[in-house]
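The values are calculated or read from the model by the stated rules, or taken from the named source; none is laboratory data. Quick caveat: nothing in here was measured; it's all calculated off a predicted structure. Cβ: placed from backbone, ideal geometry, glycine included. Neighbour counts: every protein chain shown. All accessible areas refer to the heavy atoms of the entire protein, side chains included, with ligands and DNA or RNA removed. Shrake-Rupley method; radii C 1.70, N 1.55, O 1.52, S 1.80 Å.
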Amino acid sequence: DVLAMPKLSADITQTTFGLAYIAHDRIYTRPPAFIGSAMLFLIDLAQVLRVLLQPAFGWTRSTYNVVKYADIIYLASYLISMPLPRFSLFIAAVLLSIAMIAVV
């Protein structure tokens, strides 16, 4: 049959409509939960793009820099490291890790 969709495209279509349905359902039942989920999704998407658009995969350095500089992790670490040296952040991370291990 010429009009039959291949299995992969049918799966992608079904998944896309399923996600749209879930998002639509959450918008009308719990807007704050949907906004939080959408923000986490966008942060994860930026992380994946940052890995996939590396020059090792054939992308130009300028394309990689655009994605890298727009990444939330880069922005947060850049803004925090301006007033604080990186060594103090390392010490704070080690102390927090020790405290979490002690609590658990």
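Numbers at a glance
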| item | result |
| --- | --- |
| Accessible area, probe 1.4 Å, largest first, for residues Ser77, Ser62 | Ser62, Ser77 |
| Within-14-Å neighbourhood charge of Val67 [Cβ basis; K, R +1; D, E -1] | +1 |
